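*Asks:* Below is the structure I would like to discuss, written out as structure tokens.
A short reminder: the numbers here are calculations on the coordinates, not readings from a lab. Computed from a prediction, not measured in an experiment: that's the story for all the values here. Quick reminder, even Gly has a Cβ in these numbers, built from the backbone with ideal geometry, and neighbours come from all protein chains shown.
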């Protein structure tokens with residue numbers, strides 16, 4: 001088309017008109033037409049079949065064919081070549097019919113001059129080229145959809161499948177006719193990949209990733225849905241994940257085994273060193289006693305390392321757990337200070353605590369908090385020169401009043417900015433040439449971070465090189481509202497009332513409860529948790545009980561009779577508990593019915609909840 | 001009053017010797033066993049006032065021993081303190097549920113262990129002043 005050089009086939013039996021056309025074409029400016037001629041339809045079709053014809057100029061009245069039939073015959077052989085029809089009939093109806101049957105134009109032999117003829121041929125060719133380009137482009141897009149490896153469907157706004165490609169058919173395991181005009185069956189989410197499971201009888205379900213986009217199709221907005229088979233991909237991912245878990249499990253088992261085997265000789269070393277030091281095997285001179293102290297200090301260090309190793313392994317397998325409860329943070333802090341006191345005073349370091357008055361209690365695991373503080377203080381002792389200061393403080397977090405912030409600050413060597421970013425990483429160790437002693441495993445701060453994170457808090461450090469460091473961590477403030485809130489919904493409260501079930505655990509011989517009873521107390525909490533219906537009842541976190549006991553609370557949304565059956569269930573299960581019997585503990589269950597406050601209808605649900613929480617607080621927190 | 005008798009069951013003979021010295025120094029009479037079967041027969045014969053029990057033992061673990069002791073008339077109710085190198089996280093609760101009075105992970109602090117022994121024996125608990133571990 002670029003050279004504007006065209007071959008025209010004229011099928012015409014009138015020699016005069018052939019000459020007219022030849023003349024007209026030869027004079028056309030800027031275009032070159034090669035004219036070929038056939039005087040019958042049959043010979044014309046033969047020539048056409050030989051190819052290289054850009055346009056057919058067709059007389060409808062031929063010796064071997066007449067009228068529109070001539071066009072039909074030609075079209076049936078050559079569907080795409082542009083055709084301009086020539087006729088003597090000055091007939092509008094034939095003209096329209098001819099164009100419907102695929103003629104580009106219709107010329108009346110009697111009323112056309114050379115110029116008009118050339119112009120008509122020119123436009124017919126142009127139009128045909130444009131049509132052809134469009135057809136090719138359309139076919140190309142159709143092929144793209146047809147041959148796409150992803151399943152592609154067009155779904156109308158009513159969710160009915162209007163078009164489907166072969167890949168989609170094989171994903172659904174069904175033929176097009178079974179799927180077309182049927183509901184698509186999956187909710188369509190725009191702009192987001194979702195996974196759908198395609199089930200078909202006689203084969204395994206196929207998982208497909210579905211994406212949808214909106215577009216206009218045949219004049220209406222539709223969704224183009226693409227489905228990609230991710231079955232194998234997912235299976236591989238799962239395999240990798242399972243493999244990873246198995247590896248971690250194996251590593252965990254290995255570490256458990258190793259630490260077990262390490263503990264035994266360590267216990268023997270510890271025992272005999274203390275026997276010597278304590279003079280159980282005869283008088284020990286002071287100097288030797290000092291050496292034995294050094295051995296002992298290293299035994300302790302080894303034990304800490306073994307504990308850390310186990311913790312790290314548990315953190316990786318998700319077994320490192322925290323059991324939060326009502327916790328006045330002064331308790332673990334004082335215990336930590338006590339256990340670190342000896343190491344600090346050996347270096348002449350002053351170890352002190354600053355704990356704010358009226359500090360609310362935390363919702364945290366006491367043993368774990370003690371582990372965190374001890375770790376931070378031990379680090380501080382290690383990096384603080386003799387006669388330095390270490391202060392442990394606790395107060396409300398200035399950024400978030402729902403959290404407590406505990407800090408350990410020292411007057412030690414400080415941490416450089418670049419180290420500060422990495423100290424919480426596993427096995428990161430600060431390069432330090434001072435007298436900090438042996439480095440250890442470099443796991444302590446990593447474990448601290450894991451533990452703080454499991455409490456829902458965060459941990460960070462601030463430091464000035466050579467002047468000291470402060471480590472901060474936050475713990476959630478104990479809040480009854482957070483525990484009770486979720487069950488105080490309108491649905492739960494309408495037509496029901498609230499019961500506060502109190503379970504007092506005390507020893508049968510009035511002794512105070514300690515670590516040995518802890519397992520039994522945890523069992524009590526588990527029993528209560530088993531008895532309740534989670535959507536409507538809640539076991540409150542453990543709170544301080546009487547000096548010689550422990551008190552548990554259940555808040556239950558109950559209807560008539562519901563309280564009695566719940567209390568009976570709790571009583572029965574507590575009575576059956578071997579753990580309680582072995583620990584010599586007895587349980588007393590009592591119930592306080594609470595009025596659900598009758599507030600104006602438009603009172604927001606939070607107001608009602610707030611009112612209920614403060615009532616529960618009053619009942620629960622009153623010292624017994 | 002005669003010295004209270006403590007049975008230590010542990011297959012680690014070094015630790016066994018060390019603990020024996022420690023307990024004797026604190027005024028207890030000590031008997032030993034190094035495997036599960038022997039442990040039960042010593043317990044039946046000697047009727048100790050308390051048993052310090054390891055978990056990993058030849059011939060049956062500590063849990064088996066606790067079960068056995070609980071079925072023999074003469075040994076029911078003897079207080080048991082578990083002293084094990086096995087992890088506390090999996091074993092502490094299990095031991096306490098099985099009837100042990102206390103669980104210690106090796107190496108256990110001498111003072112804490114002695115305090116637990118005194119408590120289990122119903123003796124006056126002396127507050128500990130030094131914590132080594």
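*Asks:* With r as the distance between the Cβ atoms of residue A:160 and residue A:92 and R0 = 45 Å, compute the FRET efficiency 1/(1 + (r/R0)^6) and round to 0.05.
*Replies:* FRET efficiency, residue A:92 to residue A:160: 0.60.
*Asks:* A follow-up question, please. Just how far, in whole angstrom, is the range B:60-93 from the range A:347-403 if you go by their alpha carbon centroids?
*Replies:* Using only Cα atoms, the two centres lie 38 Å from each other.
*Asks:* If you fit an axis through the alpha-carbon atoms of helix A:15-26 and take the longest principal axis of the Cα set of chain A, what angle between them do you get, 0 to 90°, nearest 10?
*Replies:* 50
*Asks:* Can you put B:6, A:349 in order, fewest other beta carbons within 10 Å first?
*Replies:* If I rank by nearby Cβ atoms, fewest first, I get A:349, B:6.
*Asks:* Once both axes come from the Cα atoms, what is the angle between helix A:231-277 and the longest principal axis of chain A, in degrees from 0 to 90, rounded to 10?
*Replies:* Relative to chain A, helix A:231-277 is tipped by roughly 20 degrees.
*Asks:* When N counts the residues of the range A:209-342, how does its alpha-carbon radius of gyration compare numerically with 2.2 N^0.38 Å, as a ratio?
*Replies:* 2.05
*Asks:* Same structure again: I'd like the Kirkwood hydrodynamic radius of the range A:92-202, using the inverse of the mean 1/r over distinct C-alpha pairs, in Å.
*Replies:* 18.4
*Asks:* For peptide B:104-113, what's the mean number of Cβ atoms from other chains within 10 Å of each residue's Cβ?
*Replies:* Average neighbour count from other chains, rounded to a whole number: 5.
*Asks:* Thinking of the range B:41-86 as a set of Cα atoms, what percent of all their pairs are more than 16 Å apart?
*Replies:* Pairs farther apart than 16 Å: 31 percent.
*Asks:* Across bins of 10 angstrom width beginning at 0, how are the C-alpha pair distances of the range A:285-360 distributed, in whole percent?
*Replies:* It works out to 14, 28, 34, 19, 5, 0, in whole percents.
*Asks:* If you take the alpha carbon radius of gyration of the range A:1-129 and divide it by 2.2 N^0.38 Å, what ratio comes out, to two decimals?
*Replies:* My calculation over the Cα atoms of the range A:1-129 gives 0.95.
*Asks:* Pull up the DSSP beta bridges for the protein assembly as shown and report the antiparallel fraction as a percent, rounded to 5.
*Replies:* 65
*Asks:* Decide, for the range A:254-412, between rounded, prolate and oblate: order the square roots of the alpha carbon gyration tensor eigenvalues as a ≥ b ≥ c, take rounded if a/c falls under 1.5, and otherwise choose prolate if a/b is larger than b/c, else oblate.
*Replies:* In terms of gyration-tensor shape, oblate.
*Asks:* Normalising by the residue count of the range A:83-240, find the relative contact order in percent from Cα pairs under 8 Å and 6+ residues apart.
*Replies:* It comes to 16 percent, rounded to a whole number.
*Asks:* Using alpha carbons only, what's the Rg to Rh ratio of the protein assembly as shown with Rh from Kirkwood?
*Replies:* Rg/Rh: 1.29.
*Asks:* What are the radius of gyration and Dmax of the range A:214-256, computed over its Cα atoms and given in Å?
*Replies:* Computed over the Cα atoms of the range A:214-256, radius of gyration and Dmax are 21.6, 68 Å.
*Asks:* Across peptide A:275-282, how many C-beta atoms of other chains are within 10 Å of each residue C-beta, on average?
*Replies:* That average works out to 3.
*Asks:* Tell me the angle of helix A:605-621 to the major Cα principal axis of chain A, expressed in degrees between 0 and 90 and rounded to the nearest ten.
*Replies:* Computed tilt is about 20 degrees.
*Asks:* Can you compute the equivalent ellipsoid semi-axes for the range A:107-167, i.e. the square root of 5 times each eigenvalue of the Cα gyration tensor, sorted largest first and rounded to whole Å?
*Replies:* So the three semi-axes of the range A:107-167 are 44, 14, 7 Å.
*Asks:* Where both partners of a DSSP beta bridge lie in the range A:21-161, what percent of those bridges are antiparallel, to the nearest 5?
*Replies:* 20
*Asks:* Could you give the radius of gyration (one decimal) and Dmax (whole number) of the Cα atoms in the range A:446-534, in Å?
*Replies:* 20.5, 66
*Asks:* So for A:329, B:31, fewest C-beta neighbours within 10 Å to most, what's the order?
*Replies:* Going from least to most buried by this count: B:31, A:329.
*Asks:* Along its three principal axes, how long is the range A:136-293 when you only count alpha carbons? Whole Å, largest extent first please.
*Replies:* 103, 33, 30
*Asks:* With springs only between Cα atoms under 10 Å, which of B:99, B:87, B:59 fluctuates most in a Gaussian network model of chain B?
*Replies:* Largest GNM mean-square fluctuation: B:87.
*Asks:* Using the 2.2 N^0.38 Å rule of thumb for compact globular proteins, work out how chain B stacks up: its C-alpha Rg over that value, please.
*Replies:* Normalised Rg, Cα atoms only: 0.97.
*Asks:* Another question, then. Residue A:182 to residue A:132: FRET efficiency via 1/(1 + (r/R0)^6), r the Cβ-Cβ distance, R0 25 Å, to the nearest 0.05?
*Replies:* About 0.10, to the nearest 0.05.
*Asks:* If you don't mind, another one. Ranked highest first by average number of other Cβ atoms within 10 Å, how do A:383-393, A:272-282 line up?
*Replies:* Highest-to-lowest ranking by the protection proxy: A:383-393, A:272-282.
*Asks:* Let me check against my output: what whole-number percent is the relative contact order of chain A, with C-alpha pairs under 8 Å and at least 6 apart?
*Replies:* 7
*Asks:* Right, next: Which order do the peptides A:608-615, A:190-197 come out in when sorted by mean C-beta neighbours inside 10 angstrom, highest first?
*Replies:* With the highest mean Cβ count within 10 Å placed first, the list reads A:608-615, A:190-197.
*Asks:* Give the distance, in whole Å, between the Cα centre of the range A:301-345 and the Cα centre of the range A:39-79.
*Replies:* The range A:301-345 and the range A:39-79 have Cα centres separated by 97 Å.
*Asks:* Divide the volume of the convex hull of the Cα atoms of the range A:360-428 by its number of residues and quote the answer in cubic angstrom per residue.
*Replies:* 125
*Asks:* For peptide B:80-91, what's the mean number of Cβ atoms from other chains within 10 Å of each residue's Cβ?
*Replies:* So the per-residue partner count for this stretch is 3.
*Asks:* Test of understanding: in a Gaussian network model of chain B with alpha carbons linked when under 10 Å, which of B:104, B:38, B:90 would top the mean-square fluctuation ranking?
*Replies:* Result for chain B, Cα springs under 10 Å: B:90 fluctuates most.
*Asks:* Can you tell me the length gained on complete extension of the stretch residue A:72 to residue A:214, counting 0.36 nm per residue apart and subtracting the Cα distance?
*Replies:* 47.0 nm
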